[in-house]
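> Have a look at the structure that comes next, please.
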Amino acid sequence: MKKNPLNEITKEEIERIFETPGKVRGVVFFTDAKYILEKKGKEGLEKVKEETKRMGHFIDYQKINSFEWYPVGLRVISLLAIKRAFGWSEKEIFEMGNYAPKVSIIVKLLLKYFISLKRSVQEVPRYWRKHYTIGKISCPEFHEDEKWLVIRVEGIKIHPILCVHLRGYFLRIAQYVIKSKKIEIKEVKCIHRGDPYHDFLFNWE
Amino acid sequence: MSPGSKKKRLEKESFFREQLLLNDLIKLEAYIKAFWQFLPIAVCYVNPAFNILEASKTLEVLLNCTIMEIIGHNLKEFFPREFDFEALEKEIKEKKKITQKEIELLRKDKKRILVSVFALSRIEDRVLMGYFFAFLDITERKKMEKELRERIEELERFQKLTVGRELKMVELKQALKKAQKEILELRKKLSQKVKTQ
């Protein structure tokens, strides 16, 4: 039977994840907490906090500062803790990613750059740097007339759950900028599948 | 001062400045959040594609939605289907602002409410960043205005009737007086005739 990396995680794997070099903005934990509060209430958030404690890396979501830097591995630990606390599948993690830009202060501050698709594509590298100190993002394929583009994330290999979250996240940003009722996103290349980078393909009508 | 210690001092100063900026950002974030929570009127901020990026709590009440059912959605979704949203878009793009425009909004429960809309473009360095929209619920006010108008019309009709009746009464009184006078004169003539016979 094929192993689903989202379902199984060992203590060694958790430590490997936590020790990934690089930092992430606190806002990612804020958006996680906001989503949990919305869906599962205060008890749900307490459950997640307990899970992070069980995983050996306690996250006190209420004390996180959106603009401060935190270990990038903690970002994945937060997602894994949430998934384990509620038994969620990829679908819920994707929806959480899609929700995050709605409440992220950094997104709201940076959205002034996302006023047109062309401009957004130009600003995307700057956008990534506001959130992560590792990896880089680019747009190697941009075909507005044919209604497709590719966003590439390089230099970041932590855990596949992050890819699921990012898919939802990028889709929300696309929904803000592309005037279309039907936008689709697919991860067509993934470092965890042996590819050299993550490629997210966007199609719209 | 050696180059090494100078470098350390500069790094320390840079770190200190960064911490100050970080603290300011944190305070600014808290201020912005508190301000949007406080706003006692229904306000939202949309991007140039009219996707709602931020909304006041009061807009939740107005539209009978949660804030998460509002943020991320297009403003057009909260207007009735037959409403010409493109015309509104065109108007705000051309005039840069809208003041006291009366339109209907559609709540989550499909109830229509009449609102007075205010809108303002947000421009930075000559580039359009988005729009602020404010909605004042005038449904009750319009209802009261309608009721008041109906009462006034009713009173005017009543007044016409009563005035008409009054005039008729005056006419009748005058006719009665005239008739009484004629009767008196007739009686006089009759009695005079009887006397002479």
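Throughout, read-outs are computed from the coordinates displayed, never taken from laboratory work. Model, not experiment: these values are computed from the prediction. Quick reminder, even Gly has a Cβ in these numbers, built from the backbone with ideal geometry, and neighbours come from all protein chains shown.
> Distance cut-off 30 Å, Cα to Cα: go down the list A:Lys108/B:Lys108; A:Lys83/B:Lys110; A:Lys181/B:Lys108 and report the pairs above it. Intermediate results must be reported in sequence, preceding the final value.
Numbers: A:Lys108/B:Lys108 25 Å; A:Lys83/B:Lys110 35 Å; A:Lys181/B:Lys108 19 Å.
Pairs exceeding 30 Å: A:Lys83/B:Lys110.
> Below 22 Å, Cα to Cα, which lysines can B:Lys173 reach? Residues fewer than 8 away in the same chain don't count.
Straight-distance partners of B:Lys173: B:Lys160, B:Lys181.
> Can you tell me the Rg and the Dmax, both Å, for the Cα atoms in the protein assembly as shown?
Calculated on Cα positions, Rg and Dmax stand at 35.4, 156 Å.
> Starting from 0.36 nm per residue, how many nanometres of slack lie between B:Asn64 and B:Lys160 once their C-alpha separation is accounted for?
Extra length from B:Asn64 to B:Lys160 when fully extended: 30.0 nm.
> Contact order normalised by length for segment B:7-126, with contacts defined as Cα pairs under 8 Å and 6 or more residues apart; what percent is it?
So the answer I get is 15 percent.
> In Å³ and rounded to a whole number, note down the convex hull volume per residue for the Cα atoms of chain A.
Looking at chain A, the number lands at 121 Å³ per residue.
> Can I ask one more? Can you pick out the pairs among A:Lys102/B:Lys142; A:Lys118/B:Lys7; B:Lys96/B:Lys146; A:Lys39/A:Lys186; A:Lys40/B:Lys143 whose Cα atoms lie more than 30 Å from each other? Present the calculation step by step, with values, prior to reporting the outcome.
Numbers: A:Lys102/B:Lys142 35 Å; A:Lys118/B:Lys7 41 Å; B:Lys96/B:Lys146 32 Å; A:Lys39/A:Lys186 25 Å; A:Lys40/B:Lys143 40 Å.
Over 30 Å Cα-Cα: A:Lys102/B:Lys142; A:Lys118/B:Lys7; B:Lys96/B:Lys146; A:Lys40/B:Lys143.
> For segment A:15-62, what value does the Rg/Rh ratio take when both radii are computed over Cα atoms and Rh is the Kirkwood radius, given to two decimals?
1.00
> Take the alpha carbon atoms of segment B:157-172, find their center, do the same for segment B:118-153, and report the distance between the two centers in whole angstrom.
Using only Cα atoms to place each centre, the spacing works out to 44 Å.
> Still on this structure, please answer the following. From the Cα trace of segment A:1-87, what convex hull volume per residue do you get, rounded to a whole Å³?
Working: hull volume 7.9 nm³, N = 87.
Normalising the Cα hull of segment A:1-87 by residue number yields 91 Å³.
> Taking the highest mean first, how do the peptides B:87-99, A:15-27, B:160-172 order by number of other beta carbon atoms within 10 angstrom per residue?
Numbers: B:87-99: 13.5, A:15-27: 17.3, B:160-172: 10.0.
The densest-packed peptide leads the list: A:15-27, B:87-99, B:160-172.
> In square nanometres, what is the average projected area of the Cα convex hull of segment A:137-205? Can you show the working numbers first?
On the way: hull surface 17.5 nm².
Average projection, Cα convex hull of segment A:137-205: 4.4 nm².
> Enumerate the lysines that B:Lys8 could reach by cross-link, defined here as Cα to Cα under 28 Å, with residues fewer than 8 away along the same chain left out.
A:Lys23, A:Lys130
> Still on this structure: Show me, bin by bin at 10 Å from 0, the whole-percent P(r) of segment B:56-186 based on Cα pairs.
With 10 Å bins starting at 0, P(r) equals 10, 26, 20, 11, 8, 8, 7, 6, 3, 1, 0.
> On to the next question. With everything on Cα atoms, drop me the angle between helix A:90-103 and the longest principal axis of chain A, reported from 0 to 90° to the nearest 10.
Tilt of helix A:90-103: around 70 degrees.
> Right, another one. Considering the alpha-carbon set of segment B:1-132 alone, what are its Rg and its Dmax in angstrom?
Spelled out, the Cα radius of gyration and Dmax of segment B:1-132 are 21.3, 75 Å.
> Okay, next question. Can you tell which of B:Leu21, B:Ala42, B:Ser2 lies farthest toward the positive end of the dipole of segment B:1-130, using +1 and -1 charges on the Cβ of basic and acidic side chains (Lys, Arg; Asp, Glu)?
Of B:Leu21, B:Ala42, B:Ser2, it is B:Ser2.
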